[in-house]
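What follows draws every value from the coordinates through simple rules; no lab data is involved. Keep in mind that what you see is a predicted model, and the values were worked out from it rather than measured. Cβ sites come from the backbone with ideal geometry, for glycine too, and all protein chains shown count toward neighbours.
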Amino acid sequence: MKYLLGIDQGTTQTTAVVVDETGEMIEKNSAQLPARFPQAGWVEQEPADIVRTVKEACAPLLAKYEISAVGFDNQGETFVVWDKDNGEPVTPAIVWQDTRGQSVCDALAPSVDVESLRQKTGLLLDSYFSAPKLKWVFENYPEIRKKAHEGKLKFGTTETWVIWKLSGGKLHITDPSTASRTLLFNVNKFEWDEDLLKLFDIPRSMLPEVKPSAGHVGDVDFGDGKPLPLHALLVDQQAALFGQACFKAGEMKCSFGTGSFLLMNIGDKPKLSNNGLLTTVGWNFDGHTAYAFDGGIFVTGSAVQWLRDNLKVIPDSAASHDSALRSTDAGVVVIPALQGLAAPHWRTDVRGAMFGLNRSTSSDDIVRATLDGIACRVYEVVMAMSQDLGQKPPHLKVDGGPSGNPYLMQMIADLLDLEVRVSAALEATAIGIANLAGVSALGITFDDLSRNWKSEKAYAPTMSAADRDNKLAQWNKALGAVKAFHN
Ligand code: ADP
């Protein structure tokens, strides 16, 4: 049996998995990655911690298994800048959630042709992406800007940084999916864009070489003196899309956690959304190109956390299922917009609300309405993506903690009138990147992966069209009122 190592360098932890050639996960190991919040809106990590967690997560697995190939996914927009001669970081890792690039975006906004930016990158001018934050670093630390323009510094997203370290400074590489999160990458031409580099004042010399998402791109040594071939690179959400075997246009996944991240494969052409969704590279290698629509819902699992910790109406998150089933009043509506409404409303100012309370409203009714509200948000993003692509997905594949909530998954299936399939694999992301390494190194095919993908549970829609229409009409009325309240 041949083994693959998948490394998921995520925001809160690094998870490593060993997967066999049938795509079955054999063993996993994680290391927690701390973050610090030095000022309001700032989120940083220690670059050395990122390297350490990768080594720690992999070490026990490397000691036990003979690995044929490695795949490595990353946080996306999070980046580090370091000195190319001594390998010392000159910035912290500035995390995707960090908003310090907002002032840069505000200053550039009047002079930027947002439509052309969208055509080139698939993205919006937003501090979420790497480039505005790198420009912020240059504006606030002129000596870093000077060194960068003298060709003395390197930029890298988290995989680029770790791979540089693990290759002794030999490899300075990324892949098109990760490059597409910087706001510097032309997703039509698959190259760094000269105009955007000028706009953000970033020298080409500090950017990594963009390699295909799969293929033998070099070797990495985790510290045991045994270099292993690196065969796959992707952003974490794209790795989850791959791990969920969403290979055809229209197929999509929703990864649930504190927030929910939805990605829809839209085929090999970069379509732009009319609903404000992002267009991103799914993967690009060897004649395989997938683009994806990307839509995040910031508050889903965290709304359940809020029921548990703030309202104290459930003892733990999973108990929200039983509580919802006990509810006898479907007339309550909760808009769980605890941190604004993103796709497809784009109203960051909106906050949550409850409607339809009466003298006999119980905590169970509020729990149920909160889960219904989460389901309605998922419905809206899936429908926006379907509208933009011109086709509905065949089903919705889901993973993450809240996908273990039967009430919530059934409600999503009912509202979408689609089957919801829960992945049997808890680590869809790390398995996805290991599988992609297997495609490159072992000749595993997309068909093999589709056949091997297993669903732990599937929820078929059972709601009548009339009930569905009622539910959605009630939601839309409440949503209209909330938007008006915050106008
Ligand atoms: P992470 O976000 O760290 O990847 P999880 O995938 O376990 O972690 O998701 C954690 C979030 O999901 C928490 O906000 C928690 O409240 C919520 N959650 C976990 N399990 C359930 C469940 N069975 N039902 C509803 N919400 C859940």
| field | Among beta bridges that DSSP assigns inside the chain, antiparallel share in %, nearest 5 | value | 75
| Does region 3-237 classify as rounded, prolate or oblate by the C-alpha gyration tensor (a ≥ b ≥ c root eigenvalues; a/c under 1.5 gives rounded; else a/b over b/c gives prolate, otherwise oblate)? | prolate
| remark: Length-normalised contact order of region 316-430, Cα under 8 Å, at least 6 apart, in percent, tallies to 27
| request: Check cross-link reach from K457 to the aspartates and glutamates: straight Cα distance under 14 Å, and skip same-chain residues fewer than eight apart. | output: D399, E419
| field | Within straight-line cross-link reach of K133, aspartates and glutamates at Cα separation under 15 Å, skipping those fewer than 8 residues along the same chain | value | E44, E77, D98, D106, D201
| query | Pairing the Cα long axis of helix 130-140 with the longest principal axis of the chain, what angle in degrees results, from 0 to 90 and rounded to the nearest 10? | reply | 60
| Debye intensity ratio I(q)/I(0), log10, region 17-130, q values 0.10, 0.23 Å⁻¹ (C-alpha model) | -0.47, -1.24
| said: Relative contact order for region 3-237: what percent, with Cα pairs under 8 Å and sequence separation of 6 or more? | reply: 20
| remark: If each part is reduced to its alpha-carbon centroid, region 240-298 and region 127-147 end up apart, in Å, by 29
| By average C-beta atoms within 10 angstrom, highest first, the peptides 80-88, 41-49, 54-62 | 54-62, 41-49, 80-88
| For region 343-487, what does the alpha-carbon gyration tensor say about shape, rounded, prolate or oblate, given a ≥ b ≥ c as the root eigenvalues, a/c under 1.5 as rounded, and a/b over b/c as prolate? | prolate
| message | Give the average over all directions of the projected area of the C-alpha convex hull of the chain, one decimal, in nm². | response | 22.3
| field | Distance (nanometres) between label positions extended 7 Å along Cα→Cβ at K483 and S111 | value | 3.4
| field | Three-way shape label, region 249-324, alpha-carbon gyration tensor, a/c 1.5 | value | prolate
| query | If you count, for each residue, the other Cβ atoms within 10 Å and average over each peptide, how do 255-266, 68-79 line up from highest to lowest? | reply | 68-79, 255-266
| query | To the nearest 20 debye, what is the magnitude of the charge dipole of the chain about its Cα centre, counting +1 on the Cβ of each Lys and Arg and -1 on the Cβ of each Asp and Glu? | reply | 640
| said: List the pairs from K28/K397; K55/K198; K55/K211; K147/K170; K152/K211 whose alpha-carbon separation is above 26 Å, in the order I gave them. | reply: K55/K198
| remark: With Cα coordinates, the longest principal axis of the chain makes an angle with the long axis of helix 47-64, in degrees rounded to 10, of 90
| task | Before anything else, pin down the relative contact order of the chain: Cα pairs under 8 Å, at least 6 apart, normalised by residue count, whole percent. | result | 15
| note | What helix-only [θ] at 222 nm does the chain give? Using -39500 (n - 2.57) per DSSP H run of at least 4, over all residues, to the nearest 500, the answer is -11000 deg cm²/dmol
| task | Would you mind getting me the FRET efficiency between K170 and T12? Use the beta-carbon distance for r and R0 = 30 Å, nearest 0.05. | result | 0.55
| note | Within the under-10-Å Cβ sphere about K471, not counting K471, Lys/Arg +1 and Asp/Glu -1 give a net charge of -3
| field | Sorted peptide list for 183-196, 164-177, criterion being average Cβ within 10 angstrom, highest first | value | 164-177, 183-196
